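Here's the structure, in structure tokens; my notes come after.
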Amino acid sequence: MTLTTSTLDSVIVVWHVAVNAGDAEAAASACTEDVEMGGPEGSARGRDIMRDWVATAGVRLMPKEAYDIPGGIVVAQEVTRPGQDRPERVYSAFGLRDGSISAVHQFPTLEQAKAFPVAV
């Protein structure tokens, strides 16, 4: 599946561009004040958490497929982390509220991401 800007909510496209550029302020601005981030190391809330993650993670995320879920979108991504030779597939469940990202939770499988309740 080839993604176009109409496939993903535009705020998610803006967020991916900001993360890939290491632009912590732009990534945080695409989110609600109480954005929740979650992954293998747990979860936390707030734009400051998002800013810190973008500023320090150094990841590159390439969206591959998108799936609608109640309250948001699951995006299949190829992620390349610092020191990694090849990208790996991950699935991020994005919650959306009032035109902004309210949650980003990363999972190893599509099934887990689709089952996660992002709707607030």
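Nothing in this text is a laboratory measurement; each read-out follows from the coordinates by a stated rule. All of these numbers come straight from a predicted model, not from anything done at the bench. Here the Cβ positions follow ideal geometry from the backbone for every residue, glycine too, while neighbour counts run over all protein chains shown.
Here is how the numbers come out for the structure above:
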item: Top of GLY22, GLY99, GLY42 by mean-square fluctuation, Gaussian network on the chain, Cα under 10 Å; result: GLY42
item: Dipole magnitude (debye, nearest 20) for region 10-115, charges at Cβ of Lys, Arg, Asp, Glu; result: 200
item: The chain: C-alpha gyration tensor shape, a/c 1.5 cut-off, then a/b vs b/c; result: rounded
item: GNM top mover of SER92, SER43, SER102 - the chain, alpha-carbon springs below 10 Å; result: SER43
item: The chain - percent relative contact order, Cα under 8 Å, separation 6 or more; result: 24
item: Local electrostatic count, ARG89, Cβ distance below 14 Å [Lys/Arg +1, Asp/Glu -1]; result: 0
